[in-house]
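The values are calculated or read from the model by the stated rules, or taken from the named source; none is laboratory data. Note that the structure is a prediction, hence the values are computed from the model and not measured.
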Amino acid sequence: MVRFTPTPLLLFAMAEASAQATPTVPASDLGGSLWQMFLGLAIVLALVIGSLWLLKKLVAQRGDNAGLLRVVAGTAVGTRERVVIVEVGSTWLVLGVAPGRVSALAEVPRQSSVTPPGSADSASGEGFPDWLRKLTQRR
């Protein structure tokens, strides 16, 4: 059985033949094709922006119920599990969220303000380095 293996000379000859076979584009036609490309790009961008605007309008909550339910905070406790605090009226619900399941963990009265975890330590004058130093000194 004879096996065909292309040699570099044969590959060069094939590339040269294909280059000669392609018609050259005149300079005046090149400007027209650039305008056509930019016009197509502008149309695609306009369609993307318009569809995002329409999606935002369709998904947005409306009416009196828009501010009734609000997610206050959330954190991941596993790869697909989260703990979420949801504000409903004057109470906060602590919910455990897993794929296909939402469980109520606790019901807490509404807090006046939410402080980030790092700001409570800095307000009392004790930061993470001080806390770590105290922890290592205890041992």
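Listed values, structure above:
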{"quantity": "Unique match (being in a helix (DSSP H, G or I), modelled with pLDDT under 90 and among the hydroxyl-bearing types (Ser, Thr, Tyr)) among SER112, SER28", "calculated": "SER28"}
{"quantity": "Looking only at segment 115-138, and only at residues there that are of a type in the set (Asp, Glu) and in a helix (DSSP H, G or I), the one that is modelled with the lowest pLDDT", "calculated": "ASP121"}
